[in-house]
Amino acid sequence: MFVFLGLKVERLGADDGPELDALLVRCADFIRLTEGREPAAGDGLLLLDERPEAAPDVEKLVLGLYDGPCLIGVMDLLKDYPAAGVWQLGLMLIEPERRRSGIGASLLGALEDWIAGQGGRSLRLGVVEQNAAGHRFWAREGFRDIGTVEQDLGPFRRTVLRMERALPI
Ligand SMILES: CC(C)(COP(=O)(O)OP(=O)(O)OC[C@H]1O[C@@H](n2cnc3c(N)ncnc32)[C@H](O)[C@@H]1OP(=O)(O)O)[C@@H](O)C(=O)NCCC(=O)NCCS
């Protein structure tokens, strides 16, 4: 789909479930922080399939970030949800050893250009309250707080800070 800093972003499908599972195991820190549990086999397929109950037909894209043949990150997008031109970034996750070297900021820039090219006008996301470093990252990238939502994941309850940013035209 697009290339930046010599890394490639490609759309993932059901065949990529096991590779996604392995990435999520390497990112267990994030699953613990945001869901209060350990990663489990099948999480990759879940990520590929799950979508809001209210939007069974919304187009979902799960994108893999590759360094050569290695999957080093993943993003999850809903197109035109909840309104035309609004894209929802459900997840942006890079494996721990590759964080803090500028990949995330460059990836976001390239992703936003790509989404704008598809007709997107703004990008929304949610960051779990406990994820202070994540919130700092988005705030630094120009996202503004637009509200909070309480979520109940069985035994794990969380407050999600919702953020939004207009895309370059
Ligand atoms: C958020 C993330 C995609 C940014 O990618 P990155 O390549 O680390 O980003 P950059 O190098 O461009 O910027 C680094 C900043 O990211 C932020 N960050 C967010 N989560 C982080 C994490 N778990 N580890 C390290 N840095 C993180 C920090 O603010 C850091 O800045 P700092 O070093 O001044 O504290 C990546 O750190 C990540 O995958 N984090 C875990 C998942 C996550 O929190 N995703 C966002 C919520 S959906």
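The values are calculated or read from the model by the stated rules, or taken from the named source; none is laboratory data. The model shown is predicted, which means the values in this text are computed figures rather than measured ones. Positions of Cβ are backbone-derived with ideal geometry, glycine not excepted, and every protein chain shown enters the neighbour counts.
Identify all residues within region 102-117 that are farther than 18 Å from R162 by Cα, within 10 Å of the ligand (Cβ to nearest atom) and surrounded by 14 or more Cβ atoms within 10 Å (Cβ to Cβ); write none if there are none.
Within region 102-117, I103, G104, L107 meet the criteria.
May I ask you to list pairs of residues, at least six apart or on different chains, whose Cβ atoms are under 8 Å apart, with the first in region 124-143 being under 15 Å from R32 (Cβ atoms) and the second being aliphatic (A, V, I, L, M) and within 7 Å of the ligand (Cβ to nearest atom)?
Correct list of pairs: G134/V127.
So which residues in region 78-101 are in contact (Cβ under 8 Å) with a residue 12 or more places away in the chain and within 12 Å of the ligand (Cβ to nearest atom)?
Q88, L89, G90, L91, M92, L93, I94, E95, P96, R98
Looking at (1) out of contact with any helix residue (DSSP H, G or I) (no Cβ under 7 Å at 6 or more places or on another chain); (2) at pLDDT below 95, find the lone condition where M1 falls short.
Condition (1) is where M1 drops out.
Please determine, by comparing only the residues of region 50-90 that are under 14 Å from the mean Cα position of the chain (by Cα) and among the charged types (D, E, K, R), which one is nearest to W138 (Cα to Cα). It would help to see each step written out before you state the result.
Applying the first criterion (under 14 Å from the mean Cα position of the chain (by Cα)) to region 50-90 yields 50-51, 60-65, 72-79, 87-90.
Then keep just the ones that are among the charged types (D, E, K, R); that gives 50-51, 60, 76, 79.
Working: E50: 24, R51: 23, K60: 22, D76: 16, K79: 20 Å.
Step by step, filter region 50-90, then rank; the result is D76.
Out of G120, G126, which single residue is within 16 Å of the ligand (Cβ to nearest atom) and at pLDDT 95 or above?
G126
Among strands (runs of 3 or more DSSP E) lying entirely in region 40-136, which contain 2 or more residues that are among the β-branched types (V, I, T) and within 28 Å of A28 (Cβ to Cβ)?
So the answer is 70-78, 122-128.
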